[in-house]
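Structure, as structure tokens:
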Amino acid sequence: MGKGVKAAVIGSVFAVMVGGAGYGAYNVVSALDGDSGGTAVARTGPPSGDEVEETAGKFFAAWEQGQATEAASYTNFDQAARPLLAAYARDAHITGVKITPGAANGGVVPFTVDAKVSYDGKSKPLTYKSELKVVRGKTSGKALVDWDPAVVHPELEKDDTLVTGESKSPPIEAVDRDGQVLTKAKYPSLGPVLDTLRDRYGDKAGGTPGVELVIRHAAEGTADTPLLTLAEGKPGKLRTTLSAGVQAAAERAVKGYAESSVVAVKPSTGEVLAVANHREDAFNAAFEGRVAPGSTMKIITAAMLIDNGVASMNGPAPCPDTATWQSQTFKNLPGLAANENATLADTFMRSCNTGFIKLVDEEPLTDASLTTEAQERFGLGKDNWKTGISSFDGSVPASTGPDRAANAIGQGQVQMSPLNMASVTATAITGTFRQPFVVSPDLDGRPLATAQGLPPATASQLTQMMRLTATQGSARDVMAGLGGDIGAKTGSAEVDGQTANSWFTGFRNDVAAAAMSVSGGRGGEAAGPIVKAVLAAGG
């Protein structure tokens, strides 16, 4: 941002409030909702239509006139509202504000803002839509605007700022591995990714900054969100590892399932080919998600068993109906028949929980064996991946008690993202850990994470078991119709009080992909079709 621009922090007093409460819950003392301390009986019940119209009208009028203190007084949290409304004119340089309200519905008033942003002799019109809700003050009984930063602009969140000035980073023209331009308009999932790439690499791509109105996010590591460009900068060209074709397929695939994410990587290099999310927020769960991976974790657990001499793909791994570990009883998914004569390959491809549980206490395994396997062989959990954007490296903590067994089947304390599981599949089939990345480390000289990888015999057995899963096991129906060398592993992660999260990871030739869908059910029901679509496009 240009010199002299001072960003106003929105709602700094949130830090002293109870975490997790909604904005409307903050008027817990009279100072927050205008209680004068008089003896009049406070009104109760939802505000009337006249009260909604009057309160919204007064708030809008003060906002239009740049009277931040007065406008904030019509909210139920004026200490948070005041700095943002002041910054609206002072730091964002937004003037000539005209607000046109729509028809109120249940206390909610939609409105349109028409204004002008002027800075350093440059000016442009600004138009957007938002809404507010009028509620009853809990102690004063007054009708008040229920404060939320999104009232001022729908993309604002707690403690964000609005600033106009010289861009912090020059714009970029991001291109895929073949030189095709990647834009937010064509690939919506890449919006946060492209913002982050600009923030990190704009000054290295050869461009020059422009002048913009942006949201400066409070969350650490989150790039500015541009809202309006007053003067175009010169974009620098930034080459990524992404594939426009695979990315397009990933975007289409996740749209079919709510709260879904997918990542595709190239096992032979570690290059990320696609990253897509279908979410209500802008969180890149594909790279930063931290949830239990369910039975896709059995790839790592199987590798641990093989590397420690406990089992081999053709050795015994009985699959009973139940297995008890330190007083906790584990079961298989409904419909899975017991098989006391199963091999590890049988137990793996049918995703039998009990077969793995019965093996995790064998010598020489310890509470830390799964952690060691994940870190030293698969490069997980060391917090040292440098992908080019924000990412999570997975977590497989050493656990005692029932969690040791639960971790082995992807529950307990294990946390993964689709990026992590795509990398796990890539390591399993090549035997070599190659840290995934979106931008070549040659651009900035950052070191990539390293790990030992797998012995050739272990990688060969994992690959064969994943092939069996895709052609004869739990992933057979999903993977049907895909040609080439294919393999997969299904997973579902149980979550208290909701449908299981759906997980699926697989490979086709030199493409590995993993997907997760919140409350998507079994692996083949939501995540599986997403992965299949991505593999079909890239494999």
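Is there a residue being surrounded by 22 or more Cβ atoms within 10 Å (Cβ to Cβ) and at pLDDT 95 or above anywhere in the range 440-453? Taking every residue of the range 440-453 in turn, none turns out to be surrounded by 22 or more Cβ atoms within 10 Å (Cβ to Cβ) and at pLDDT 95 or above. Among the candidates ASP367, ASP393, the residue that is over 23 Å from ALA286 (Cβ atoms), at pLDDT 95 or above and in the same structural domain as ARG290 (by TED's automatic domain parsing) is uniquely ASP367. Return yes or no: is ASN353 modelled with pLDDT of 95 or more, within 30 Å of ARG200 (Cα to Cα) and polar (S, T, N, Q)? For ASN353, the condition - modelled with pLDDT of 95 or more, within 30 Å of ARG200 (Cα to Cα) and polar (S, T, N, Q) - is not met. For the range 140-150, indicate whether the set of residues that are of a type in the set (Phe, Trp, Tyr), touching a residue at least 60 places away in the same chain (Cβ under 8 Å), in contact with a strand residue (DSSP E or B) (Cβ under 6 Å, 6 or more places away or on another chain) and crowded, with 21+ Cβ neighbours inside 10 Å is non-empty. Looking through the range 140-150, at least one residue is of a type in the set (Phe, Trp, Tyr), touching a residue at least 60 places away in the same chain (Cβ under 8 Å), in contact with a strand residue (DSSP E or B) (Cβ under 6 Å, 6 or more places away or on another chain) and crowded, with 21+ Cβ neighbours inside 10 Å. Does LYS98 fit the bill of being under 30 Å from ALA218 (Cβ atoms), in contact with a helix residue (DSSP H, G or I) (Cβ under 8 Å, 6 or more places away or on another chain), in a strand (DSSP E or B) and among the charged types (D, E, K, R)? Against the criterion (under 30 Å from ALA218 (Cβ atoms), in contact with a helix residue (DSSP H, G or I) (Cβ under 8 Å, 6 or more places away or on another chain), in a strand (DSSP E or B) and among the charged types (D, E, K, R)), LYS98 qualifies.
Filtering the range 154-185 to residues that are within 22 Å of the chain's Cα centre (by Cα) and closer than 30 Å to GLU70 by Cβ leaves PRO154, GLU155, LEU156, GLU157, LYS158, ASP159, ASP160, THR161.
Might you check whether a residue that is farther than 30 Å from THR161 by Cα and polar (S, T, N, Q) occurs anywhere in the range 186-204?
Scanning the range 186-204 turns up no residue that is farther than 30 Å from THR161 by Cα and polar (S, T, N, Q).
On inspection, GLY137 fails the criterion of being touching a residue at least 40 places away in the same chain (Cβ under 8 Å), among the small types (Gly, Ala, Ser), at positive phi and out of contact with any His (no Cβ under 9 Å at 6 or more places or on another chain).
Yes or no: LYS129 closer than 29 Å to LEU197 by Cβ and touching a residue at least 40 places away in the same chain (Cβ under 8 Å)? So LYS129 does not fit the description; no. Taking the criterion of being of a type in the set (D, E, K, R) and surrounded by 21 or more Cβ atoms within 10 Å (Cβ to Cβ), the only residue of the range 473-494 that qualifies is LYS489.
Would you please name the residue that is farthest from PRO418 (Cα to Cα), looking only at residues in the range 495-520 that are surrounded by fewer than 23 Cβ atoms within 10 Å (Cβ to Cβ) and in contact with a helix residue (DSSP H, G or I) (Cβ under 9 Å, 6 or more places away or on another chain)?
ASN509
Once the range 119-137 is narrowed to residues that are of a type in the set (Lys, Arg) and in contact with a Leu (Cβ under 9 Å, 6 or more places away or on another chain), the residue that is farthest from GLY96 (Cα to Cα) is ARG136.
Yes or no, residue by residue, for (1) touching a Ser or Thr at 6+ places or on another chain (Cβ under 6 Å); (2) closer than 29 Å to GLN413 by Cβ:
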site	(1), (2)
ASP442	no, no
GLN452	no, yes
ARG467	no, no
SER474	yes, yes
ILE486	no, no
THR499	yes, yes
THR505	yes, yes
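Taken residue by residue, the range 100-109 has at least one member that is assigned by TED's automatic domain parsing to the domain that holds ALA150, surrounded by fewer than 18 Cβ atoms within 10 Å (Cβ to Cβ) and in contact with an Asp or Glu (Cβ under 8 Å, 6 or more places away or on another chain). Within 19 Å of THR296 (Cα to Cα), assigned by TED's automatic domain parsing to the domain that holds PHE348 and not in a strand (DSSP E or B): is that true of THR458 in this structure? Criteria met by THR458. Of the helices (runs of 4 or more DSSP H) lying entirely inside the range 323-426, those containing at least 2 residues that are in contact with a Phe, Trp or Tyr (Cβ under 7 Å, 6 or more places away or on another chain) are 353-357, 402-408. Please find, within the range 422-473, the residue that is farthest from SER243 (Cα to Cα) out of those that are of a type in the set (A, V, I, L, M, F, W, C) and out of contact with any helix residue (DSSP H, G or I) (no Cβ under 8 Å at 6 or more places or on another chain). My answer is ALA449.
The values are calculated or read from the model by the stated rules, or taken from the named source; none is laboratory data. Here the structure is a predicted model, which is why all the values come from computation and not from measurement. As a convention, Cβ positions derive from the backbone with ideal geometry for all residues, glycine included, and neighbour counts pool all protein chains shown.
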